[in-house]
Amino acid sequence: MLAACGTTEQTTQARPAMWLVSDDDTQIYMLGAMHALPRGTDWERGKVADAIATADELVMELSPDELAGAGAVFQSLAPRTAPLAMEKRLPPQALAGYRALEARGGDFGGDTLDDWAVMVLMGQRVAQSAELDSSDGVETRLTEQFKDARKPIRGLETAREQLMLFETLDPATQRTLLTRAAENSGNAVKDVGALTAAWGRGDVAALEKVINEDVDAVPAARKAIITDRNRRWTAWVHQRLEQPGTVLMAVGAGHLVGPAGVPAMLEAEGLEVRRVQ
C-alpha cells in the first residue's frame with residue numbers, strides 16, 4: 001500500500017462505502033471511516049467529495065476536542081488497582097504473541113494496566129506495524145476540511161463514554177478479548193491489510209467478516225461495543241432528521257455493515273436508506 005520513488009508518493013485510490021438517509025428537508029450521509037490509513041490513500045472523490053462539499057456539518061464518534069483529550073482519559077482509566085503480571089493472565093501461546101508484539105516497539109507496561117487497556121495498546125502497535133497512522137485517517141482529514149470551511153463538527157460520544165465501554169466490561173470478557181488478540185497477533189498486520197483493502201473497495205461483505213469476526217465470538221463485547229452504540233446512533237439519526245440541513249456522519253466502518261449496522265437498523269424501522277457509493 002505504501003511506496004516511494006524519489007520524492008514522489010504513490011497514491012492508492014479508495015472508494016469507501018457510504019449511505020444516505022433523507023426526508024423532505026434533511027440529508028444524512030453515513031460514511032464508513034477508517035481511523036488510520038496508509039499515507040497516500042485517496043478516498044475523497046466521487047460521492048464522498050459531493051457529501052463533503054454540500055454538508056452543513058460533520059458528525060463523528062468524537063468531536064475534535066474530545067479526541068484531543070482521549071489520551072488523558074485513557075491514562076486515568078487504564079491502570080489496575082494492583083499490578084498483575086502478564087504471565088498470570090495469558091496462556092503460553094497468547095503470552096508468546098503478546099511478547100512478540102511488544103518486541104516490535106517496546107514494553108507495553110501491561111502488568112500495571114487493565115486487560116482492555118493492554119488490548120488497546122496492542123491494537124495501536126499493530127497499526128504502526130502495518131504503517132497506518134491516525135493523521136492519515138478519515139476523521140483527521142475530514143476535520144481539517146470542515147475546519148477550513150468553518151463548518152461545525154460534533155461528536156456522538158465523549159472520550160470517557162467511549163473508553164468506559166471497555167472499562168465496564170466484566171473481567172472474564174476483558175480477559176477473553178485480550179487473550180484472543182494476543183493469540184492472533186501474528187496475523188494481525190495481515191488482517192489489518194485485508195481490512196484496509198476491503199474498505200477501499202467498498203466491499204461491505206468483506207468488511208463485515210473482517211471487522212466483526214473476533215467480536216462476534218464474544219457476545220458481551222459485541223453488545224456493548226457495537227450493537228448498543230448502533231442503536232443509540234440510529235436513534236440520533238431519527239432525531240436529526242427532524243431538523244433541516246445536510247449532515248456528513250463519519251463513524252467506524254464496522255458500525256455501518258451487516259444486519260446490526262446503522263443502515264440496517266434504520267431500514268428495519270421503516271426508513272429508506274440508499275447506498276450512494
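The values are calculated or read from the model by the stated rules, or taken from the named source; none is laboratory data. Values in this document were obtained by computation on a predicted structure and should not be read as measured data. In this analysis, Cβ positions are derived from the backbone assuming ideal geometry, glycine residues included, and neighbour counts consider all displayed protein chains. Side chains included, ligands, DNA and RNA excluded: accessible areas come from the protein's heavy atoms. Shrake-Rupley method; radii C 1.70, N 1.55, O 1.52, S 1.80 Å.
Results, tabulated for the structure shown:
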quantity	calculated
Enumeration of residues in the range 127-154 that are open to solvent by less than 40 Å² (accessible area, probe 1.4 Å), within 15 Å of the chain's Cα centre (by Cα) and modelled with pLDDT of 95 or more	VAL138, GLU139, LEU142
Test: GLU167 is open to solvent by 40 Å² or more (accessible area, probe 1.4 Å), over 16 Å from the mean Cα position of the chain (by Cα) and not hydrophobic (A, V, I, L, M, F, W, C)	yes
Close pairs from the range 125-138: first over 22 Å from GLU44 (Cα atoms) and part of a helix (DSSP H, G or I), partner among the polar types (S, T, N, Q) and open to solvent by less than 30 Å² (accessible area, probe 1.4 Å), Cβ under 9 Å, at least 6 apart	ARG125/SER185; VAL126/SER185
Flag if PHE166 is more than 21 Å from PHE74 (Cβ to Cβ) and of a type in the set (Phe, Trp, Tyr)	no
Boolean, ARG160 is at pLDDT 95 or above, in a helix (DSSP H, G or I), over 27 Å from ALA197 (Cα atoms) and open to solvent by 40 Å² or more (accessible area, probe 1.4 Å)	yes
Which listed residue, of GLU61, GLU44, GLU66, is surrounded by 14 or more Cβ atoms within 10 Å (Cβ to Cβ) and assigned to a loop (DSSP other than H, G, I, E, B)	GLU44
Flag if ALA100 is open to solvent by 30 Å² or more (accessible area, probe 1.4 Å), outside any helix (DSSP H, G or I), hydrophobic (A, V, I, L, M, F, W, C) and out of contact with any Pro (no Cβ under 6 Å at 6 or more places or on another chain)	no
Test: residue in the range 99-112 that is at pLDDT below 95 and on the phi > 0 side of the Ramachandran plot	yes
Any hit, the range 203-218, residues being within 25 Å of TRP43 (Cβ to Cβ) and outside any helix (DSSP H, G or I)	yes
Test: GLY32 is over 20 Å from THR234 (Cα atoms) and either open to solvent by less than 70 Å² (accessible area, probe 1.4 Å) or touching a Ser or Thr at 6+ places or on another chain (Cβ under 8 Å) (or both)	no
Positions within the range 83-97 being open to solvent by less than 50 Å² (accessible area, probe 1.4 Å) and small (Gly, Ala, Ser), in sequence order	ALA85, ALA94, GLY97
Pairs, first at pLDDT 95 or above in the range 50-69, second outside any helix (DSSP H, G or I) and hydroxyl-bearing (Ser, Thr, Tyr), C-beta under 7 Å, six or more apart	ALA51/TYR29; THR54/THR246; ALA55/TYR29; ALA55/THR246; ASP56/THR246; GLU66/THR158
Contacts under 9 angstrom Cβ, first residue in the range 230-241 being within 14 Å of GLU267 (Cα to Cα), partner surrounded by 13 or more Cβ atoms within 10 Å (Cβ to Cβ) and modelled with pLDDT under 95, 6 or more apart	ASN230/ALA260; ARG231/ALA260
Test result for ALA17, at pLDDT below 95 and either open to solvent by 70 Å² or more (accessible area, probe 1.4 Å) or touching a Gly at 6+ places or on another chain (Cβ under 7 Å) (or both)	no
